[in-house]
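Participant: Structure below; questions to follow.
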Amino acid sequence: MTVPNALTVLRLVLIVVFAVGAVLGMSQLLAFALLFFAGLSDLLDGWLARKLNQESRLGELLDPIADRLLTLVLVLYLLLEQLVPLWFVLILLARDVLVTGALALLKRKGKTGVAVTYAGKIATFTLTMGLPLILLASVLDNQLVQGLAWAFTLWGIVLYWYSGAQYLSAVRAKLA
């Protein structure tokens, strides 16, 4: 267990705590705090893995799972809190379904996965920042924070789909 992997496991624990808290009706401020620390752990784990030379296969597997799970739980929470529209959630989920399906096909054909792209990392970062800011804007009832939140989030969606297209292209190339 490396420090970066411990941070990824912490992020998974925070996601579970967040999900349970959401079901139990936790305050939006507490929800934001949990999301903030989950996002911070996402930023730190990759940086520390490179800085401490602690990159691992476990980290390569767990980090994207934690990222997708955080995004899924968060957007569903924002939808239930009526802070984002359904079309928004469907756009994010559709990309994940396409990429996951393509990667499953690749694995079924006995091929290895594809490398994480820079666009994918930036997309995850912008969504990890933007989505919790949507929640914070609601808590603060602040238009400036809301504008910043949606700027991050919409840019994140564009990059998310762009990186998804990169992944699909890489899968197609491996299957050719």
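Participant: Could you list all residues from the stretch 79-119 that are assigned to a loop (DSSP other than H, G, I, E, B) and within 26 Å of Trp150 (Cβ to Cβ)?
Facilitator: Glu81, Gln82, Leu83, Val84, Pro85, Val116, Thr117
Participant: Moving to a separate point now. Looking at the stretch 129-176, which of the residues that are assigned to a helix (DSSP H, G or I) and among the polar types (S, T, N, Q) is farthest from the chain's Cα centre (by Cα)?
Facilitator: If we take residues in the stretch 129-176 being assigned to a helix (DSSP H, G or I) and among the polar types (S, T, N, Q), then Gln143 is farthest from the chain's Cα centre (by Cα).
Participant: In the stretch 70-84, which residue that is surrounded by 21 or more Cβ atoms within 10 Å (Cβ to Cβ) and of a type in the set (A, V, I, L, M) is nearest to the chain's Cα centre (by Cα)?
Facilitator: Selected residue: Leu70.
Participant: Check the stretch 132-153 and report whether any residue there is surrounded by fewer than 18 Cβ atoms within 10 Å (Cβ to Cβ), under 23 Å from Gly21 (Cα atoms), touching a residue at least 40 places away in the same chain (Cβ under 8 Å) and not basic (Lys, Arg).
Facilitator: For the stretch 132-153, residues surrounded by fewer than 18 Cβ atoms within 10 Å (Cβ to Cβ), under 23 Å from Gly21 (Cα atoms), touching a residue at least 40 places away in the same chain (Cβ under 8 Å) and not basic (Lys, Arg): present.
Participant: Output the residues belonging to the stretch 36-62 that are buried (at least 20 other Cβ atoms within 10 Å of the Cβ) and either of a type in the set (Ser, Thr, Tyr) or at positive phi (or both).
Facilitator: The answer is Ser41, and nothing else.
Participant: Take the stretch 85-110 and flag every residue that is modelled with pLDDT under 95, in contact with a Leu (Cβ under 7 Å, 6 or more places away or on another chain) and exposed (fewer than 15 other Cβ atoms within 10 Å of the Cβ).
Facilitator: Passing the criteria: only Lys109.
Participant: On to the next question. Which residue, of Asp63, Asp67, is within 16 Å of Thr2 (Cα to Cα) and either out of contact with any His (no Cβ under 6 Å at 6 or more places or on another chain) or not in a helix (DSSP H, G or I) (or both)?
Facilitator: None of the others qualify; the one that does is Asp63.
The values are calculated or read from the model by the stated rules, or taken from the named source; none is laboratory data. Every value quoted in this text rests on a predicted model; they were computed, and no experiment measured them. Quick reminder, even Gly has a Cβ in these numbers, built from the backbone with ideal geometry, and neighbours come from all protein chains shown.
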